[in-house]
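Here is the structure we will look at.
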Amino acid sequence: MEDILFEFISKYISLTENEKNAIISLDIFHSFKKGTILLKEGQKSKDSYFVLKGCIRTYYIKDGEEKTTAFYTEMEGLTPPNVLTKTPSEYFINCLEDSILVISNAEMSAEVNIKFPKFDTMCRLLSEELLAKHQIDFDEFKTSSSEERYKNLLQKRPD
């Protein structure tokens, strides 16, 4: 599990053995079975998720029907909005497959960033990439029909 994360991190920064050991000691690697609900509507949480293996999704329940809003697969992260707003969640998060996730929180991230400042640089780079990706996705959503959005989903996310 650790090797998958370290390979991802190496695309942004290099890690010493000491830094790798510090990450391993945080106890951030967690395995979940398919169907596990990670967050429920109305629940408060401090957790952010990074998918090493598997797939998680966010969804709302509207009029008794599940409405999926996003899928997160290998090497994708999710910080639910309620983590930042410190309010109850408006949606659910569950595992669509057996999954291995990195789970962290703001306190843990702050501790790592203080001990290893280059992680702050990596987080900034990741945030910039994610912001750009979301802007492109949102623009495509606004300018596409529902059929085009479905075809784009199949093309971009065949997994």
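When the chain is treated as a GNM with alpha-carbon contacts under 10 Å, the residue of 148, 107, 76 showing the greatest mean-square fluctuation is 148.
Can you work out the PRE-style zone for residue 114? Point 7 Å along Cα to Cβ, and I want the residues of region 75-107 with backbone N under 19 Å. The answer is 104-107, whose backbone nitrogens lie closer than 19 Å to the label point.
Once you've got the GNM for the chain with C-alpha springs shorter than 10 Å, pick whichever of 25, 109, 89 has the biggest mean-square fluctuation. Maximum fluctuation in the GNM of the chain, among the listed residues, is at 25.
Listed by chain and number, the aspartates and glutamates whose alpha-carbon sits under 12 Å from that of residue 118, ignoring those within fewer than 8 places in the same chain, are 19. Taking 0.36 nm per residue of separation and subtracting the Cα-Cα distance, full extension of the segment from residue 44 to residue 75 would add 8.7 nm.
Treating only the Cβ atoms of Lys and Arg (+1) and Asp and Glu (-1) as charged, compute the dipole magnitude of region 2-156 about its Cα centre; round to the nearest 20 debye.
Numbers: 20 positive and 26 negative charges, 47 e Å.
Dipole size: approximately 220 debye.
The label-point distance for residue 131 and residue 84, in a model that sets each label 7 Å from Cα toward Cβ, rounds to 1.0 nm. With neighbours defined as other Cβ atoms within 10 Å of a residue's Cβ, the residues 57, 149 order from fewest to most as 149, 57. The residues 60, 72, when put in order of fewest to most other Cβ atoms within 10 Å, stand as 60, 72.
Computed extension length for residue 140-residue 11: 43.7 nm, one decimal, from 0.36 nm per residue of separation with the Cα-Cα distance subtracted.
Considering only 118, 33, 62, the mean-square fluctuation computed in a Gaussian network model of the chain, springs between alpha carbons under 10 angstrom, is largest for 62. Give the residue from 102, 68, 83 lying farthest towards the positive end of the charge dipole for region 56-113; charges sit on Cβ (+1 for Lys and Arg, -1 for Asp and Glu) and the dipole is referred to the Cα centre. My answer, from the dipole projection, is 83.
Values [x] 49; [y] 45; [z] 52 are given for comparison; percent of Cα pairs over 21 Å apart, derived from the coordinates here, is the one labelled [z].
No value in this document is a laboratory result; all are computed from the given coordinates. Computed from a prediction, not measured in an experiment: that's the story for all the values here. Every residue, glycine among them, receives a Cβ derived from its backbone with ideal geometry; neighbour counts consider all protein chains shown.
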